[in-house]
Amino acid sequence: MSPNSCGNERLALLGGKKAIPNAFAKYNPIGKEELAAAQQVIQSGVLSQFIGAWHEDFYGGPKVREFEKAAANYFGVKHAVTVNSWTSGLVAAVGAIGIEPGDEVITTPWTMSATATAILQWNGIPVFADIDPETYNLDPKSIEKNITPFTRAIMVADIFGQSADMDEIMKLAKRHNLKVISDTAQAPGALYKGRFAGTCADVGGYSLNYHKHIHTGEGGILVTNDDKIAERLQLIRNHAEVVVGDKGVSDISNMVGHNFRLGEIECAIGIEQLKKLGGLVESRQALAATLSEGLQGLRGLTTPVVRSDRTHVYYVYPMQLDVGQIGVTRDRLCDALNAEGVAVSRRYQNIHLLPVYQRKIAFGSKGFPWTSDICRRPVSYAKGICPVAEDLNDNSYMGLGLCIYDLSFEDVQMIAQAFQKVWAQIESLK
Ligand SMILES: Cc1ncc(COP(=O)(O)O)c(C=O)c1O
């Protein structure tokens, strides 16, 4: 099917044939290596070996330790700490850096909700800064504007697969004595100035949930070069309150632990998955390059911008529409693409607009922590505080989740042809 022949056909939205008649295969990086590794653990009968007490097994069983060693090696850090989800990882990270109730943590509205709720879980106050309109990551200038005497940390998200502007953010943090956490859930294997995204902050890490580049069903890995943070992460992961006495830990702030432990089967799978990460990232990058080539020249459509000092691993392939140039609304265009079989989404996230922040109801029904004395100033979550993120969500953003499908080059060419078809007949959508 050439773009031209396709371009002359009636749009599927208007009763024509779909450009992509069949659904794409689901992304599945799990193969025989993972099967064998999981089977071996099942045969051993030891599906977890953690003990929530100061004991040799406080650090987990052999697969947990092997996976953590492999991950620390791979990402080039001193410590890797596995957790049963990246949401748990983020909660552990906020506790480990020593957030006090009422401390403000600056974060992004353009992320998955767990980035910000991890702050709330320790009664920290999320403060939303705006994003860079090209990379969708926190804009250092907006971070700086939001720093107050109560700010203690910055929670960065390396969204869609590209690192935030870490040098600028770390410089800012140093100047204001702030800790930095990288939520690199979506960007394992992405590079920032030759270093892995997630490793430039005080603590960072990756999600291992089922639609990430590599996964263990559910899970996460924290990475840090800081010995004290690593110990606190391990404690929060595994019932800190019981362990600190016998372990001789003197700083017991935030040593209210959880069960955030990842099992032996998941870690055995994770070891195999990690070996595949480089190859999976490369193939995703090659697919994205083919797609960008196929979308060249479509009026009013901007393909992803990748900064020259970093790489993108395309968890999501983000685009922007200039509807003024195109002449039809984003909804109409997305409806037309969806009808052709291209599952573009027309919004991402504006976390600050969720009911938890709009109504300021989080713990209990009386507005805690915002109505309590620990919150030392009124913090606004009103629409308008993040104009770039809001405008992208309301008007111009459009994304394609490359994480969902097992796409071949032919599939990507078909997607590009579907775009070409819609653009060739834009007039019929008016
Ligand atoms: C940016 C971001 N942060 C946090 C999470 C939470 O990760 P998990 O699902 O492993 O808990 C996700 C999951 O998609 C995410 O994309």
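The values are calculated or read from the model by the stated rules, or taken from the named source; none is laboratory data. Nothing here was measured: the structure is a model prediction, and the numbers come from that model. Counting neighbours? That spans all protein chains shown, and the Cβs are built from the backbone with ideal geometry, glycine included.
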Please determine, by comparing only the residues of the range 146-167 that are farther than 28 Å from C375 by Cβ and of a type outside the set (G, A, S), which one is farthest from the ligand (Cβ to nearest atom). D167
Could you check how many residues of the range 30-75 are part of a loop (DSSP other than H, G, I, E, B) and over 27 Å from L235 (Cα atoms)? 2
Kindly provide the set of residues from the range 281-328 that are surrounded by fewer than 18 Cβ atoms within 10 Å (Cβ to Cβ), of a type in the set (A, V, I, L, M) and more than 18 Å from N395 (Cβ to Cβ), ordered by number. A286, A289
Taking the range 96-116 and keeping residues away from the ligand (no atom under 14 Å from the Cβ), more than 22 Å from P378 (Cβ to Cβ) and surrounded by fewer than 19 Cβ atoms within 10 Å (Cβ to Cβ) leaves G98
Here are some residues: V41, V77. Which one is closer than 20 Å to N225 by Cα and crowded, with 18+ Cβ neighbours inside 10 Å? V77
Here are the criteria: (1) more than 16 Å from the ligand (Cβ to nearest atom); (2) farther than 19 Å from P318 by Cβ. Tell me which single one I119 does not satisfy. (1)
In the range 200-214, how many residues are near the ligand (Cβ under 9 Å from one of its atoms) and of a type outside the set (S, T, Y)? 4
Identify, from the list P133, P126, the residue that is within 16 Å of the ligand (Cβ to nearest atom), assigned by TED's automatic domain parsing to the domain that holds D226, of a type outside the set (S, T, N, Q) and touching a residue at least 12 places away in the same chain (Cβ under 8 Å). P126
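The rows are residues; the columns are (1) over 26 Å from G327 (Cα atoms); (2) in contact with a Ser or Thr (Cβ under 6 Å, 6 or more places away or on another chain); (3) in contact (Cβ under 8 Å) with a residue 12 or more places away in the chain.
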residue	(1), (2), (3)
P369	yes, no, yes
S372	yes, no, yes
C375	yes, no, yes
K383	yes, no, yes
E390	no, no, yes
G401	no, no, yes
V412	no, yes, yes
Q417	no, no, yes
Do you know which residues across the range 49-67 are away from the ligand (no atom under 16 Å from the Cβ) and either surrounded by 24 or more Cβ atoms within 10 Å (Cβ to Cβ) or among the basic types (K, R) (or both)? G60, K63, V64, R65
Note on A336: of the conditions (1) within 16 Å of the ligand (Cβ to nearest atom); (2) over 27 Å from A197 (Cβ atoms); (3) hydrophobic (A, V, I, L, M, F, W, C), unmet is (1)
